[in-house]
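Student: Got a structure for you, questions after.
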Amino acid sequence: MFLENTHQKNESFGWIEVITGSMFSGKTEELIRRLKRAKFAKQKVEIFKPEVDNRYDEDKVVSHDANEIISTAVPAAANIRLLADNCDVVGIDEAQFFDDEIVSVCNDLANRGVRVIVAGLDMDFKGNPFGPMPNLMAVAEYVTKVHAICTRTGQLAHHSFRKNENERLVMLGETEEYEPLSRAAFYKAMLREKVRKMNVTDQEVVSKKSKKALGK
């Protein structure tokens, strides 16, 4: 766990903390916890999230457990650089939805002496690195990887499995659309999906051949 007193008070540079993991792992909960501690210490805090994330509230960062904190929704990472003047701490939620400029924005803020706390998914629903998150983890001084519990095995969950057939990379959702899975459960689920799609394709081919044979 990150300790706030590990940096010298006279240090002119800030740093970057990344909180990452699958859906339902407590990323936003941990982000809010750290930001509220900073506010309690009377530090100037600003929180940002992408405009696309309006699941719970347009003006708040809200966790799955309904913990919340006032935030500013922005259309692009560059807006954060403009709006974060004179801050001691900047929080950024759902960082995977931002454009790649979020990395340079976080670096610029840290170089100005700001403590930057970023939360986001490390992998998309297919198990691939998600957006700018790998680069953010690379430049961060501190990375905290949190885990959910697999709904099928009870083991630690690393993956966010999408339960419907929507192939869009960005699709907001809750437990109706996603479930956290362990490596083994995710592999088996993806394999079943692949086999199912192959069967569907085979059936379509057979159907087309049958129609052709019947002269339809």
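Computed from the coordinates by the stated procedures, all read-outs in this text should not be read as laboratory data. These figures come from a predicted structure and were not determined experimentally. Heads up, the Cβs are rebuilt from the backbone with ideal geometry, glycines too, and the neighbour counts pull from every protein chain shown.
Student: Rank by packing, highest mean first: peptides 81-90, 152-161, with packing defined as the count of other Cβ atoms within 10 Å averaged across residues.
Tutor: 152-161, 81-90
Student: Could you rank the peptides 94-102, 124-132 by their average count of other C-beta atoms within 10 Å per residue, with the highest value first?
Tutor: Highest-to-lowest ranking by the protection proxy: 94-102, 124-132.
Student: Another question about this same structure. Among 178, 142, which comes first, then next, by fewest other beta-carbon atoms within 10 Å?
Tutor: Going from sparsest to densest Cβ surroundings: 142, 178.
Student: Quick one: go through region 76-113 and flag any residue whose amide nitrogen is under 15 Å from the point 7 Å out along the Cα-to-Cβ line of residue 12.
Tutor: The answer is 110-113, whose backbone nitrogens lie closer than 15 Å to the label point.
Student: Beyond a 21 Å Cα-Cα separation, which of these cross-linked pairs lie in this structure: 126/163; 126/194; 27/194; 44/145; 145/188; 163/197?
Tutor: 27/194; 44/145; 145/188
Student: Another one. Give me the distance in nm between label points sitting 7 Å out from Cα along the Cα-to-Cβ direction at residue 40 and residue 147, one decimal.
Tutor: According to this spin-label approximation, the distance is 2.8 nm.
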